Amino acid sequence: MKNNKCNGNCYLSKQLKKEAEKEKQESSNLKEKQELVYTQTLLTYNLPSNTIIKKTRIMVSTYCEKPKSIAFSIFHPPLV
């Protein structure tokens, strides 16, 4: 061991490299995965021919924002 100029640094750098690689793999597994499913239901009615249909107003509302993950509303940095 007299000619060893490493002084433990070689082993330490190998271990640090291993840990960094392990951490990188774990972080890629923890990414949030989200799947969106859109559905549409069509309703059909069979009305008798003698049915009287009244004109009525129907209120329709739409939501035009992208869906947000609930995780972002719970897990966030502390507010200062």
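The values are calculated or read from the model by the stated rules, or taken from the named source; none is laboratory data. This structure is a prediction, so every number in the text was calculated from the model and none was measured.
Report yes if K18 is at pLDDT below 70 and either assigned to a loop (DSSP other than H, G, I, E, B) or charged (D, E, K, R) (or both), otherwise no. Taking the combined requirement at face value, the residue does not satisfy it.
If you go through region 37-57 one residue at a time, how many are within 41 Å of the chain's Cα centre (by Cα) and at pLDDT below 70? Walk me through how you get there before you give the answer.
Our first condition is that a residue be within 41 Å of the chain's Cα centre (by Cα); within region 37-57, this holds for 37-45, 57.
Subsequent filtering for residues that are at pLDDT below 70 retains none.
Number of matching residues: 0.
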